[in-house]
Amino acid sequence: MNQAPTHAGLYSHALIDSACYAETYERIKETSGKELVKNWTEKTDPQKFVFEDCAIASYLIELWRNNHGYPNQFVDMGCGNGLLVYLLANEKINGIGVDVRKRNIWANFRNVADLREIVLDPSSVYTGLPDGTDFLIGNHSDELTPWIPIIAARLKCRFFLLPCCPFDLFGKFSKRGSNCIPFAEDLGKFGQYFTYIHSIITKLGFDVKLDRLKIPSTKRLCFVGSLPENGLPENIEERILEIINAAKNVNKEFIPRLKVEQVRNCSLLPTDLRTNLTKKIFDYLLNLSLERIGDWRCGGSEKLVDIIKTLTGEEKEHLRQQNGGLQTFIKNQHQVFTVRNGSVGIRKWPLENGEFLSKQKDIRKSECWFFRNHPDGCPVSTEKCAFRH
């Protein structure tokens with residue numbers, strides 16, 4: 001079984017031919033990537049997401065080319081936007097993508113990529129994956145990440161795993177002890193999480209290798225799991241149950257994501273509460289200082305922790321239910337407030353209006369908050385204000 005390398009020994013693309021990778025990446029970027037960026041319909045940044053998946057697709061192609069050959073059928077677990085499946089399908093590599101929730105962009109890939117909306121129960125002995133699956137991909141697969149080696153063990157197949165958001169088998173991952181595999185010891189909580197995933201893989205008896213990808217993400221470390229020459233242990237199901245039962249000491253069952261993603265960033269607060277809370281914080285800051293720009297009052301700044309103390313219990317509970325908290329709420333009122341180094345202030349609108357106007361073309365559709373609510377009105381004329389008067 002492969003030992004985890006030291007931090008110094010883990011360099012990028014240790015498991016593939018870098019020159020071949022560079023050629024493959026440039027070809028995929030030119031033939032698919034640039035067109036995808038041009039026609040991207042998601043809200044995410046195409047420069048990051050498209051070229052990152054071009055890089056991951058190129059890495060997998062070179063990995064398969066040099067290690068045990070291409071799969072007969074891969075499954076991308078938690079495939080999200082389906083882009084990686086699409087890129088691999090364009091390279092004539094057979095596979096599917098599964099996710100609990102289909103995305104609008106799937107319609108653009110349907111003619112090439114096999115993308116399926118499936119709610120999986122990874123704790124079940126029955127995997128629910130197509131017969132013939134011989135390679136699993138976990139590309140930022142979140143809740144499914146620790147389950148992918150377990151599913152691979154039941155299928156007796158290889159896998160690629162790029163961990164990102166830390167989940168254990170039944171919920172959010174919490175830090176366990178202080179021991180990390182050598183190269184992960186300076187990665188904080190993520191190092192602990194990486195060690196946790198590594199422990200699952202090794203307990204299942206896989207040969208595991210580690211590598212570092214060249215992608216525009218802070219989470220670049222990946223696992224490549226393969227079957228040892230003599231196969232996985234005969235008591236593999238016992239080992240799986242042991243891992244699952246140990247995790248059940250904390251939580252009882254796997255809970256998949258909802259098919260309809262909940263918006264919980266304080267944007268769905270009741271209108272009256274949002275209006276009143278904004279005005280309450282604004283009035284508090286305005287009365288902290290007599291600072292002015294011309295005749296327009298700017299108020300002062302206050303630490304976020306001190307502003308929280310001014311809220312009622314009911315206001316705090318509403319924010320808590322939205323999974324965002326006060327800082328998220330304040331950042332959502334982006335015309336009104338600034339947050340810098342943990343302190344909140346009123347945006348100095350006479351100085352910052354021009355920057356807003358230059359960055360956002362359709363911003364005038366929204367009403368100017370200062371025009372309606374500031375006791376001095378908006379300091380910028382109707383013609384020049386970035387927002388509608």
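Heavy-atom accessible area for LYS359, with the other protein chains in place and a 1.4 Å probe, reaches approximately 140 Å². The magnitude of the dipole of the range 1-151, with charges of +1 and -1 set on the Cβ of Lys/Arg and Asp/Glu and taken from the Cα centre, is near 340 debye.
Once you've got the GNM for the chain with C-alpha springs shorter than 10 Å, pick whichever of THR24, THR44, THR145 has the biggest mean-square fluctuation. The residue that fluctuates most here is THR44. Labels on offer are [x] -0.33, -0.44, -0.57, -1.10; [y] -0.24, -0.33, -0.43, -1.20; [z] -0.30, -0.39, -0.49, -1.06, and the one holding log10 I(q)/I(0) by the Debye sum over Cα atoms at q = 0.06, 0.07, 0.08, 0.13 Å⁻¹ computed from this structure is [x]. Ordered from largest to smallest accessible area (heavy atoms of protein chains, 1.4 Å probe), the residues CYS222, CYS164 come out as CYS164, CYS222. Taking the charge dipole of the chain about its Cα centre, with +1 at Lys and Arg Cβ atoms and -1 at Asp and Glu Cβ atoms, the residue from GLY171, LEU120, GLY132 reaching farthest to the positive side is GLY171. Largest GNM mean-square fluctuation across SER343, SER358, SER174, computed for the chain with C-alpha springs under 10 Å, falls on SER358. Net charge around ILE201, counting only other residues with Cβ within less than 11 Å of its Cβ (Lys, Arg = +1; Asp, Glu = -1)? With Lys, Arg at +1 and Asp, Glu at -1, the net is +1.
Dipole magnitude for the chain: computed about the Cα centre from +1 point charges on Lys and Arg Cβ and -1 point charges on Asp and Glu Cβ, it is near 1180 debye.
Grab the other residues whose beta carbon is less than 12 angstrom from that of TYR59, score K and R as +1, D and E as -1, and report the net.
Values: positive: ARG65, ARG212, LYS214, ARG220; negative: ASP17, GLU52, ASP53, GLU62, ASP211.
Result for the local shell: -1.
Note on surface exposure: GLU242, GLU234, GLU26, GLU315 rank GLU234, GLU242, GLU26, GLU315 by accessible area, highest first, 1.4 Å probe. Relative to the longest principal axis of the Cα atoms of the chain, helix 46-66 runs at roughly 10 degrees.
Considering only ASN90, LEU290, PHE190, the residue lying farthest towards the positive end of the dipole of the chain is LEU290, judged by Cα position with unit charges set on Cβ.
Neighbours of GLY132 by Cβ distance under 14 Å: Lys/Arg scored +1, Asp/Glu scored -1, total -1. Using Cα springs under 10 Å in a Gaussian network model of the chain, which residue among TRP349, TRP147, TRP40 shows the largest mean-square fluctuation? Residue with maximal mean-square fluctuation among TRP349, TRP147, TRP40: TRP349.
Pairs over the 19 Å Cα-Cα cut-off, from the set LYS48/LYS219; LYS331/LYS384; LYS34/LYS102; LYS102/LYS248; LYS48/LYS92; LYS102/LYS156: LYS331/LYS384; LYS34/LYS102; LYS102/LYS248; LYS48/LYS92; LYS102/LYS156.
Projecting the Cα positions of LEU213, ASN353, GLY342 onto the charge dipole of the chain (unit charges on Cβ atoms of Lys, Arg, Asp and Glu, taken about the Cα centre) puts ASN353 furthest along the positive direction.
The values are calculated or read from the model by the stated rules, or taken from the named source; none is laboratory data. Here the structure is a predicted model, which means the values were calculated and not measured. Every residue, glycine as well, gets a Cβ built from its backbone with ideal geometry; the counts of neighbours run over all protein chains shown. Heads up: the accessible areas ignore ligands, DNA and RNA and are worked out on the full protein's heavy atoms, side chains in. Shrake-Rupley method; radii C 1.70, N 1.55, O 1.52, S 1.80 Å.
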